[in-house]
Amino acid sequence: AFTINANAPGVMAEWAAAHGAKLVHYSTDYVFDGELKGSYTEADVTAPLNVYGASKLAGEQAIFAAINSASALANTRAGAAAQAWVFRTTWVYAAHGNNFLKTMLRLGQERDALSVVNDQFGAPTSANWIADVTARLIEQHGIGQAPVSGLYHLAAAGDTHWQGYAQYVLTQAARLGMTLKVSADQVTGIPASAYPTPAKRPMNSRLNSEPLMQALSLQASDWREGVLAVVEELMGQGKSVL
């Protein structure tokens with residue numbers, strides 16, 4: 001985990017700084033312990049609960065150590081300052097790969113009832129929207145209007161728990177014609193303590209994305225919009241979600 005999530009980003013940041021390239025990197029809500037009431041800002045204290053979160057935090061630190069060192073050197077030589085943007089995001093899903101949304105669609109076709117955690121909160125965030133925001137950053141950089149190099153939160157607007165997320169997915173899939181064995185009201189909420197996982201997860205994964213949205217003159221997409229778009233994409237393509 002540390003080789004991929006910490007050492008590699010540091011090496012890439014050093015290379016980017018040395019060659020005048022700009023770096024965009026993606027981090028995670030797992031850098032926090034989830035104890036905060038409300039949404040996390042970039043200034044809040046980090047306290048990872050697991051190795052993944054610790055390795056991603058180390059990656060952030062390695063990037064900015066390399067960028068700050070290169071910028072200091074550039075200033076002494078009257079060169080261009082190194083730049084990197086680190087986006088912390090959360091609960092990412094897409095029509096491709098393995099993720100919670102696709103798992104719920106598969107289980108909704110296989111099982112007669114589902115039990116899903118209802119005391120962990122966050123905002124399901126579409127990989128498509130993350131890509132769109134990244135593209136906007138690159139466009140703004142091209143015309144000299146990109147936000148300053150640094151750390152930003154990038155998460156969809158609104159929040160829910162995993163049970164609410166699952167219920168919304170199944171509701172929209174049924175509305176669009178998918179044959180399911182489980183309806184939204186058959187998704188039972190359970191505490192995280194009833195569904196133990198090898199790695200401890202934060203109970204609160206809410207991220208405040210307002211600084212980045214303001215810097216890019218954007219409005220955060222509501223999490224439901226992205227989820228619906230991916231459900232429509234999966235069904236429109238006629239692909240199996242099993």
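What follows is calculated from the coordinates using simple rules that are stated; it is not laboratory data. As the structure is a computational prediction, the values presented were derived from the model and not from experiment. Quick reminder, even Gly has a Cβ in these numbers, built from the backbone with ideal geometry, and neighbours come from all protein chains shown.
Quick rundown of the values:
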{"item": "Segment 4-132: C-alpha gyration tensor shape, a/c 1.5 cut-off, then a/b vs b/c", "result": "prolate"}
{"item": "Under DSSP loop assignment and at most 12 Cβ neighbours within 10 Å, longest trypsin sites (Lys or Arg not before Pro)-free interval of the chain", "result": "38-238"}
{"item": "Gyration tensor verdict on segment 1-68 (Cα atoms; rounded if a/c is under 1.5, prolate if a/b is larger than b/c, oblate otherwise)", "result": "prolate"}
{"item": "Degrees separating the helix 162-175 axis from the principal Cα axis of the chain, which is the longest one", "result": "60"}
{"item": "Using a Förster distance of 45 Å, the FRET efficiency for residue 176-residue 22 (Cβ separation, nearest 0.05)", "result": "0.65"}
{"item": "Whole-number percent relative contact order across the chain, with pairs defined as alpha carbons under 8 Å at least 6 apart", "result": "26"}
{"item": "Intensity falloff of segment 154-211 expressed as log10 I(q)/I(0), Debye formula with alpha-carbon point scatterers, at q = 0.13, 0.18, 0.19, 0.28 Å⁻¹", "result": "-0.49, -0.82, -0.87, -1.11"}
{"item": "Within segment 168-188, backbone nitrogen closer than 11 Å to the virtual label 7 Å beyond the Cα of residue 115 toward Cβ", "result": "188"}
{"item": "Stretch gain in nm, segment residue 148-residue 52, where the contour uses 0.36 nm per residue and the Cα spacing is subtracted", "result": "31.8 nm"}
{"item": "Rg/Rh for segment 88-188, where both radii come from Cα atoms and Rh is the Kirkwood radius", "result": "1.10"}
{"item": "Peptides 13-20, 215-222, 26-33 ordered by average Cβ neighbours within 10 Å, highest first", "result": "26-33, 13-20, 215-222"}
{"item": "Charge dipole (debye, nearest 20) of segment 83-190; +1 at Cβ of Lys and Arg, -1 at Cβ of Asp and Glu", "result": "180"}
{"item": "Using distinct alpha-carbon pairs, which all enter the 1/r mean, Kirkwood radius of the chain in Å", "result": "19.3"}
